[in-house]
1. Grab the helices (runs of 4 or more DSSP H) fully contained in region 1-114, keeping just those with 3 or more residues being farther than 30 Å from residue 200 by Cβ and either under 18 Å from the mean Cα position of the chain (by Cα) or not assigned by TED's automatic domain parsing to the domain that holds residue 263 (or both).
2. Quick one: count up the residues across region 233-246 that are farther than 30 Å from residue 377 by Cβ and either in contact (Cβ under 8 Å) with a residue 40 or more places away in the chain or assigned by TED's automatic domain parsing to the domain that holds residue 343 (or both).
3. Filter region 61-73 down to the residues that are surrounded by 22 or more Cβ atoms within 10 Å (Cβ to Cβ) and touching a residue at least 60 places away in the same chain (Cβ under 8 Å) and list them by number.
4. Only one of these conditions is not met by residue 350: (1) modelled with pLDDT of 95 or more; (2) outside any loop (DSSP other than H, G, I, E, B); (3) closer than 28 Å to residue 186 by Cβ. Which number is it?
5. State whether the residues of region 251-269 include one that is within 18 Å of residue 152 (Cβ to Cβ) and touching a residue at least 12 places away in the same chain (Cβ under 8 Å).
6. Kindly indicate whether residue 298 is surrounded by 19 or more Cβ atoms within 10 Å (Cβ to Cβ) and either modelled with pLDDT of 95 or more or part of a loop (DSSP other than H, G, I, E, B) (or both).
7. Out of 322, 308, which single residue is more than 29 Å from residue 101 (Cβ to Cβ), part of a helix (DSSP H, G or I) and not assigned by TED's automatic domain parsing to the domain that holds residue 109?
């Protein structure tokens, strides 16, 4: 099996996809919640780092599952792909939740500097020295590999919140420091869900029996919290309207990529009149503390790979702004050399990349450049159904996939 952390490239993503396709049906449906350990994860795809950066698109993964297994057998796999889409769209409707997380992270990090006891408990947890079976293993595995099985993430977060009674935003920040698939929407909203903030009053409480089952008997932690505590945090604001994406310009343009969409050649025609391609990633802005070397290198490698393929696709020069000493100055130097005023940017979702890039895009507009933020059909089709809970979206999966030309008459009884 290809390790999940090898090669932040589209070629590696496609190889991993092809390897896992035979198990996307009944095998995945029956075993997806079990984590037999790092050497035995043939039951889960481990595609998330690639999908996070769209080295591989959600549509490609779903299409492969449908072709090989058919709609009924593939539906559990499709549902899990759509969870990520749900979280992305939900946060786009409520960008203030991201801002609340960032503010909570800042205030909770300040507490660490003032409270020596809290700091000691935090460092014990993140180093995997609590003595809690499973939790300590997961803390070390996350730091060493940049990956955790989904059920391990849920159990880790629950123990962090309710047994160790540590601040929720610092736990979410710890994940973002290390996860190769670290995503502002999925990570923030998953932690809020465990805490009982995303679905008000319904926290996830980890239990020994469930951990035994889902870890394939590897772990059996004792003395876990037997009831949740109230977690400080803001409720869900009402949904906002998502701004419509821009159309492609009908004249020559330059292309600016970020780490959020790095297989641009799969949805933009090679005959478009593109003058040049540049890319800038924002991995260093992911968390309050230093981002792990593995996470930084995966993001940097993904950008370099996506940028190279885009330049080859359009037959134009590439500029990796992130390799410059001052990437933001390099961005304005790059646009200053362009012969065009139109710049196309694949949509940057709510999160740290958006926080960094939005002021730069505003400055470009103020200097006379025309910014076109374009969006994939997948997002435009699914995001209108992400204003409420996931199960509202789940009911729409068959019809939405139909509009995308992926599945006529898909059933939801799986």
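1. Answer list for region 1-114: 10-20, 26-31, 58-93.
2. Total satisfying the criteria: 2.
3. Across region 61-73, the qualifying residue is only 62.
4. (2)
5. No; the residues of region 251-269 include none that is within 18 Å of residue 152 (Cβ to Cβ) and touching a residue at least 12 places away in the same chain (Cβ under 8 Å).
6. yes
7. The conditions single out 308.
Matching residues to (1) assigned by TED's automatic domain parsing to the domain that holds residue 54; (2) within 25 Å of residue 270 (Cβ to Cβ); (3) modelled with pLDDT of 95 or more:
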residue: 334; (1), (2), (3): no, yes, yes
residue: 356; (1), (2), (3): no, no, yes
residue: 391; (1), (2), (3): yes, no, no
residue: 409; (1), (2), (3): no, no, no
residue: 414; (1), (2), (3): no, no, no
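The values are calculated or read from the model by the stated rules, or taken from the named source; none is laboratory data. Since the model is a prediction, treat every value here as computed from it, not as a measurement. Glycine also receives a Cβ, built like all others from the backbone with ideal geometry; neighbour counts cover every protein chain displayed.
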